[in-house]
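J.: This structure is in C-alpha cells; I'll ask about it shortly.
The values are calculated or read from the model by the stated rules, or taken from the named source; none is laboratory data. Treat the numbers as computed from the prediction; the structure is a model and nothing was measured. Here the Cβ positions follow ideal geometry from the backbone for every residue, glycine too, while neighbour counts run over all protein chains shown.
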Amino acid sequence: MQFAKSEWEPRIGTADFEEMMKRALRSDGFLILEAVMSPSLLARLQAGFGKVLDEFVAANASNRGANRFNTHLYLDGVFADEELVANPIALRLIHGLLGIDAACSWAAADTPLPGSDYQVAHADGRPLFRSHDLSLPVYALAVNFPLVDFTEENGPLEIWGNGTHLLSDVAPHLGAADRPPQRVTMPAGSLMIRDTRMWHRGSPNRSDHARPNLAFVYHRSWYRFEGEAGHTPPAVSAEAYAGWSLATRRLFRFAATDPALTESHRIEMVYRLEALEEEAGLARSRAPMAAVAALA
Ligand SMILES: [Fe+2]
C-alpha cells in the first residue's frame with residue numbers, strides 16, 4: 001500500500017493505522033509513506049550523497065550491472081542522523097514486526113545512472129527454508145529513502161508486491177514471468193519498507209540524472225548476515241556513535257566501529273533484552289507517535 005502525506009499524516013500515531021501498516025507489510029511485503037523525511041535532512045543527504053557517489057564512480061567500476069552502483073554508507077555526519085538510521089516511524093514498525101531487540105546490519109545506497117538496464121528479478125533476503133513451501137513471519141525489513149523523486153523515466157524500482165515474500169520454493173527470476181511488476185513512483189524523502197524476501201528489480205534510468213535510493217536492513221536479533229555473499233557490516237564513526245542514544249547504539253550492535261571507540265562504548269553494545277524492553281517502555285511514554293508526525 002502507498003499513502004500520500006495527506007493520507008498518512010492525520011492517521012500516524014493511531015493504533016488502528018499502525019496495525020493496518022503492519023498487516024500491509026505482512027500480506028503485501030511492502031509499504032510506502034510518501035514524503036516522510038524532513039526537508040532539511042533531505043537537502044543535507046542530497047548534498048552529502050552527491051559527493052559520496054561522485055568519488056565512488058570515479059574510483060570504481062559499476063557493481064550492480066551497467067551504470068548501476070551499490071555504495072556502502074559510512075555512518076558519520078548526516079549519514080548517522082538518527083532521523084535516518086533510527087527513523088521513528090520506521091522503528092515503530094520494525095519493533096512491532098521484528099521485536100524490540102531488532103538490529104541493523106546493512107547501510108548502503110543503490111543508484112542507477114543514465115544508461116542503466118533492467119536487473120534480473122530477485123529477492124534481497126533468502127527464504128529460511130528453501131526446500132519447503134512455508135510462509136514464515138518476516139525476519140528482515142529493508143528501509144528505503146529515495147533521495148530524488150522516483151519517476152517513470154529515472155529507473156524506478158519494480159516490485160511484485162502480491163505476496164511473493166511468502167513463496168519460499170519459487171525462484172524470483174522464474175516466478176516473475178507470471179505477471180507484470182508494479183513500478184514504484186514516489187517523491188524524494190519517502191519511506192519505503194519492504195520484506196527483504198519480496199521480488200523486485202531495478203529498471204533502466206532513461207533520465208539525465210542519478211536516482212539514489214538509501215537502503216538499511218533491520219532484522220530479528222538472531223539473524224546474522226555473515227556468510228551472505230557480498231555482505232559488509234555498516235561502519236560507524238566514533239563521533240557519530242558517541243552522539244547516538246543508547247537505543248540506536250544497540251540497534252547497530254553488529255556494526256563495525258571505529259577503533260577509537262572506548263571499551264565502555266563496546267560494553268554498551270552487549271545485548272540485554274531486559275534493558276531494551278525497559279527502555280522501550282520509557283520511550284513509549286516519552287515519545288508517542290503524535291510527536292513523530294512533527295518530524296515529517
Ligand atoms: Fe535488490
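J.: Being farther than 20 Å from residue 198 by Cβ and more than 16 Å from the ligand (Cβ to nearest atom) is the filter here; which residues of the stretch 100-128 pass it?
T.: Step one: filter the stretch 100-128 for residues farther than 20 Å from residue 198 by Cβ, giving 100-101, 103, 111, 113-117.
Matches in the stretch 100-128: 100, 101, 103, 113, 114, 115.
J.: Name the single residue that is nearest to residue 94 (Cα to Cα) among those in the stretch 200-224 being hydrophobic (A, V, I, L, M, F, W, C) and more than 15 Å from the chain's Cα centre (by Cα). Quick ask: steps written out before the conclusion?
T.: Keep residues of the stretch 200-224 that are hydrophobic (A, V, I, L, M, F, W, C), which gives 210, 214-217, 222.
Retained after the next criterion (residues that are more than 15 Å from the chain's Cα centre (by Cα)): 210, 222.
Numbers: 210: 29, 222: 15 Å.
Within the stretch 200-224, the match that is nearest to residue 94 (Cα to Cα) is 222.
J.: Could you tell me whether the stretch 196-214 includes any residue that is in a strand (DSSP E or B), within 15 Å of the ligand (Cβ to nearest atom) and closer than 20 Å to residue 35 by Cβ? Give the steps one after another, and end with the answer.
T.: Quick first cut of the stretch 196-214, residues in a strand (DSSP E or B) only: 200-201, 205, 213-214.
Subset that is within 15 Å of the ligand (Cβ to nearest atom): 200-201, 213-214.
Applying the additional criterion that residues be closer than 20 Å to residue 35 by Cβ yields 213-214.
Yes, the stretch 196-214 has at least one match.
J.: Within the bounds of the stretch 165-174, is there any residue that is surrounded by 18 or more Cβ atoms within 10 Å (Cβ to Cβ), under 17 Å from the mean Cα position of the chain (by Cα) and either aliphatic (A, V, I, L, M) or closer than 20 Å to residue 112 by Cβ (or both)?
T.: no
J.: Considering each of 168, 135 in turn, give the residue that is in contact with an Asp or Glu (Cβ under 7 Å, 6 or more places away or on another chain) and either more than 25 Å from residue 107 (Cβ to Cβ) or among the small types (Gly, Ala, Ser) (or both). If you could, list the steps in order and put the result at the bottom.
T.: On the way: 135 fails: in contact with an Asp or Glu (Cβ under 7 Å, 6 or more places away or on another chain).
From the options 168, 135, the qualifying one is 168.
J.: Could you run through the stretch 78-126 and say how many residues are among the small types (Gly, Ala, Ser), assigned to a loop (DSSP other than H, G, I, E, B) and either surrounded by 23 or more Cβ atoms within 10 Å (Cβ to Cβ) or touching a helix residue (DSSP H, G or I) at 6+ places or on another chain (Cβ under 7 Å) (or both)? Quick ask: steps written out before the conclusion?
T.: Pass one, the stretch 78-126, residues among the small types (Gly, Ala, Ser): 80, 86, 90, 96, 99, 102-103, 105, 107-109, 115-116, 121, 123, 125.
Right, trim to assigned to a loop (DSSP other than H, G, I, E, B) and you get 86, 99, 102, 115-116, 121, 123, 125.
Adding the requirement that they be either surrounded by 23 or more Cβ atoms within 10 Å (Cβ to Cβ) or touching a helix residue (DSSP H, G or I) at 6+ places or on another chain (Cβ under 7 Å) (or both) leaves 86, 102, 116, 121, 123.
Residues that pass the stated criteria total 5.
J.: Would you confirm whether or not the stretch 209-228 contains a residue that is modelled with pLDDT of 85 or more, surrounded by fewer than 18 Cβ atoms within 10 Å (Cβ to Cβ) and under 20 Å from residue 70 (Cα atoms)?
T.: yes
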